[in-house]
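The values are calculated or read from the model by the stated rules, or taken from the named source; none is laboratory data. Just so it is clear, the model here is predicted, and its values are computed rather than measured. Every residue, glycine as well, gets a Cβ built from its backbone with ideal geometry; the counts of neighbours run over all protein chains shown. Quick note on the areas: whole protein, heavy atoms, side chains included, nothing else; ligands and nucleic acids left out. Shrake-Rupley method; radii C 1.70, N 1.55, O 1.52, S 1.80 Å.
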Amino acid sequence: MAKDESDFRTDEDSGYAAGSGRVVGHERVVTWAEETRRYRRTPGGWWWLALIAIPLLLAALGTAFGDDEPNTRAAGSSTTSVTRSATASTSPAESTSPATAESSSGASTASESASSSTETSAAADCAGLKDAVGAKLADTNLSFPKSNAELSAGTVSALKDVAGMIARCPDAKVTVSGYTDASGSASENQRISQERADSVRQLLIDNGVAADQVEAVGRAAAEQIPGGIAANRRFEITVK
């Protein structure tokens, strides 16, 4: 219940005067208006702004530093994870590289060895090409019918084998010589002998021999051999 200023009374025993702010008996009497003014005073000055600003500033700083630390840790964790993953992914390649290199080296060595072996075998075959061709033709009928350059089926088969031997030796040079018997004119015999040599040369070329490896020469009735007229209608292959 509110009190009026008149409620403040001072009796003679207490030494206060009622209803005023005067001093009675060396003491000041506080009036009701003065007393309540202390509690109704409006806040003012810079200090109340400080009371509001400081908590807000602390909250902002806490938020800033609090967010940075987890991000930094997350970034560090992510970097470590990526690094480990990269290391793990490269390790198998590194471990298999020697095996791959070793396998490649082995394959290369095997290929070189096989190539060397093939070259050695080819060189040996070419060295004995003359004897091989002579042996193949020794049992072959080398004769032609009278006045033509047609080859028999057996002769064609043998010449195909000879062509294979010569084709494997690209440095080899051969000469095909065509012959006739002694009958007929010299010019006619020359024509027929050349046709016979050309016929054999073309068959060799058709079966893999390079054209520049084979020379065809008609020798007419030169160099007659024993065995009669039929034996001299023939061809010969000479390996150089």
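Structural remarks
- Residue list for the stretch 205-231, filter: at pLDDT 95 or above and assigned to a helix (DSSP H, G or I): I205, D206, A211, D212, Q213
- Count - residues of the stretch 166-204 that are modelled with pLDDT under 95 and under 15 Å from I237 (Cα atoms): 0
- Subset of the stretch 171-216 [surrounded by 15 or more Cβ atoms within 10 Å (Cβ to Cβ), more than 23 Å from P145 (Cα to Cα) and of a type in the set (A, V, I, L, M, F, W, C)]: A172, V174, V209, V214
- Here the stretch 230-240 is the region considered, the condition is being of a type in the set (D, E, K, R) and open to solvent by 50 Å² or more (accessible area, probe 1.4 Å), and the residue that is farthest from L142 (Cα to Cα) is K240.
- Verdict on S183 being under 19 Å from V217 (Cα atoms) and of a type in the set (S, T, Y): no
- Verdict on G227 being out of contact with any helix residue (DSSP H, G or I) (no Cβ under 8 Å at 6 or more places or on another chain) and either open to solvent by 60 Å² or more (accessible area, probe 1.4 Å) or not hydroxyl-bearing (S, T, Y) (or both): yes
- Scope the stretch 145-184; condition closer than 13 Å to N207 by Cβ and part of a loop (DSSP other than H, G, I, E, B); matching residues: L151, R168
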